[in-house]
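Colleague: Just dropping this structure here.
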Amino acid sequence: RSLPTNIRWLAIINLKNGIDKYWKKTAQYPIHIKEKELIRPRLLDYFDEQNPQIAVQYCVTISRIARWEFPRVWPEFIDVLMAHIGEIISNSNSSAASQHQTMEHNALYTLHLFIKSLCQRTLTAERQAFKRLAPMVFRALAP
């Protein structure tokens with residue numbers, strides 16, 4: 001975060017484009033499974049991004065990875081994301097209201113993009129995952 005905004009923005013756009021091009025195992029030069037295992041746990045750690053352009057690209061990157069990985073390779077994605085959202089919402093009464101609002105917005109936007117991509121799925125396993133997801137989302141967002 002110490003780098004200039006333009007450099008950070010270019011970096012996240014390159015990451016997003018690289019994910020589109022190399023994340024699938026059918027790509028010419030795919031990202032190795034071990035590298036993916038290192039990337040996945042870190043994805044949900046940067047919801048506190050203040051810059052809107054960077055935050056949008058970051059949310060799109062997470063949702064695209066989840067689109068390819070959920071539910072077969074990364075079945076715990078939705079549980080981890082909903083846990084992050086629940087934690088952010090429960091901690092929203094603290095003094096850093098602006099940061100919590102940013103984190104909440106970014107996490108919910110990621111959820112929105114993920115649900116939007118999941119709605120378009122036609123495979124049975126993915127439809128079942130969507131059916132499992134719906135009650136969980138409503139319980140978390142409308143207690």
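Each value in this text was obtained by applying a stated rule to the coordinates, not by laboratory testing. Note that the structure is a prediction, hence the values are computed from the model and not measured. Quick reminder, even Gly has a Cβ in these numbers, built from the backbone with ideal geometry, and neighbours come from all protein chains shown.
Colleague: Given the DSSP H assignment, sum -39500 (n - 2.57) over each helix run of at least 4 residues in the chain and divide by its residue total; what's the result at 222 nm in deg cm²/dmol, nearest 500?
Modeller: Working: 6 runs with 98 residues, N = 143.
Result for the chain: -23000 deg cm²/dmol, rounded to the nearest 500.
Colleague: Check each of the trypsin sites (Lys or Arg not before Pro) in region 46-129 and keep only those in coil by DSSP with at most 11 other C-beta atoms within 10 angstrom; list them in order. Before the final figure, lay out each step's value.
Modeller: Working: sites: ARG64, ARG67, ARG72, LYS116, ARG121, ARG127; in loops: ARG72, ARG121.
Hits after loop and neighbour filter: ARG72.
Colleague: Looking at the chain as a GNM with Cα springs under 10 Å, which of THR122, THR61, THR102 has the largest mean-square fluctuation?
Modeller: Of the options given, THR122 has the highest mean-square fluctuation.
Colleague: Here is a follow-up. Among LEU133, LEU123, LEU43, which one shows the highest mean-square fluctuation when the chain is modelled as a Gaussian network with alpha-carbon springs under 10 Å?
Modeller: Looking only at LEU133, LEU123, LEU43, the largest GNM fluctuation is found for LEU123.
Colleague: Something else: What is the chain by shape, rounded, prolate or oblate, if you read a ≥ b ≥ c off the alpha carbon gyration tensor as root eigenvalues and call it rounded for a/c under 1.5, prolate for a/b larger than b/c, and oblate otherwise?
Modeller: Details: a/c = 2.09, a/b = 1.06, b/c = 1.96.
Cα axes put the chain in the oblate bin.
Colleague: Which listed residue (VAL60, LEU44, SER90) has the Cα farthest towards the positive end of the charge dipole for the chain, taking +1 on Lys and Arg C-beta and -1 on Asp and Glu C-beta about the Cα centre?
Modeller: In the chain, that residue is VAL60.
Colleague: Please compute the length gained on full extension between GLU76 and GLN50, using 0.36 nm multiplied by the number of residues separating them and subtracting their Cα-Cα distance. Walk me through the intermediate numbers first.
Modeller: Values: separation 26, 0.36 × 26 = 9.36 nm, distance 2.66 nm.
Roughly 6.7 nm would be gained on extension.
Colleague: Could you let me know the centre-to-centre spacing of region 43-76 and region 15-34, using Cα atoms, in angstrom?
Modeller: One Cα centre to the other: 15 Å.
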